[in-house]
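Q: Below are the structure tokens for one structure; questions will follow.
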Amino acid sequence: MEIEIGRVVISMSGRDKGYFLVVSDMAEGYVFVCDGKERPLERPKKKNPKHLKATHYVLSEAQTATNRSLKRALGEISASEKGR
């Protein structure tokens, strides 16, 4: 799957390993990811794309508009993935 803005990804390395994150921006071979809590939209984390695993989820602009809505959307995805 292709990494794009709004795509939900799983971190495969680093302190946030195993966490669901959403791609908020892309620049010069890096992606910027947020989760709405540890990494709010105002302070995204810069990550190498090879350290991320893309999922089939893509969030809408409304779901990524605020930290609260982003955290809620990622929580729902996390709960549904754990239920599998």
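Q: Given contacts defined as C-alpha pairs under 8 Å and at least six residues apart, what's the relative contact order of the chain, whole-number percent?
A: On the way: 143 pairs, mean separation 24.8, N = 84.
So the answer I get is 30 percent.
Q: Could you please rank H51, H56, placing first whichever residue has the fewest other Cβ atoms within 10 Å of its Cβ?
A: On the way: H51 15, H56 7.
The order, fewest Cβ neighbours first, is H56, H51.
Q: For the chain, build the charge dipole from Cβ charges (+1 Lys, Arg; -1 Asp, Glu) around the Cα centre, then report which of H51, G6, V23 sits farthest towards its positive end.
A: Most positive-ward Cα: H51.
Q: Report, in debye and to the nearest 20, how large the dipole of region 7-82 comes out about its Cα centre when Lys and Arg carry +1 and Asp and Glu carry -1 on their Cβ.
A: Details: 15 positive and 9 negative charges, 57 e Å.
The dipole magnitude comes to about 280 debye.
Q: Lysine pairs in the chain 8 or more apart or on different chains: how many have alpha carbons under 21 angstrom apart?
A: Number of lysine pairs found: 21.
Just so you know, all these numbers are worked out from the coordinates, no wet-lab data involved. Since the structure is predicted, the reported quantities are computational estimates derived from the model, not experimental observations. Please note: Cβ atoms are built from the backbone with ideal geometry, for glycine as well, and neighbour counts cover all protein chains shown.
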